[in-house]
Amino acid sequence: MKVLVAAIVGLLLGAPPALAELVNCKASVQGQARVLLYDTALPVYSSFREHYMTRAKTCPGAVVVAFMMPDLTEDQRAEFCANWDPKAKTYTFPARGERDAYGQCRRVSKACRIVNTTTDQAMRIVGVGRRIEKEADESGVTAVARQSGVLILAGGQASLGSLLSSAGTGLAAALSVPAVAASVVVVGSAVYVCG
């Protein structure tokens, strides 16, 4: 009887928000079966559909991206999507791009990779990006700074390599993989090269 009265009083007065809890889910990440934890209070589902289709304890795409990029905030991770390899049936390192209804990359994309740089090199890239953002660059490279603190340089692989080489960042070698276009994403002192 006391429980019923408490429930009715809660309905009349407005029940307090549900407490967050940690739940686990399963995902194959880099070919290894993983059990990941996430907070149910966080917006981890990309869509209503993902919320209901992942009830079998399969991890939402955003949880996989958070696991692989733990040092970034949710806003910073929004630039990346969960990169699912259907042949290997595993997630690879996230790619830069738009997420589908399951948090996975909408278009097949080469995974981003973190580049070993110093804080000084990362700051030089940010300086190049800010210059390009203010004044048009003839090389075709564009720069966008997000409110989350993410800086994105995008353009042809050769143009990006040349620009970064002239800035003395040492990233030209990281961009030497043949590609039609590439992007460099700087978050704090972390630098990612995306195909």
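Readers should treat all values here as calculations from the given coordinates under stated rules, not as data from a laboratory. This is a predicted model, so every value here is computed, not measured.
Couple of notes before you dig in:
- Percent of Cα pairs exceeding the 15 Å cut-off, where the set is segment 16-107: 57 percent
- Extension reserve of the R34-D85 stretch, reckoned as 0.36 nm per residue once the Cα distance is removed: 16.8 nm
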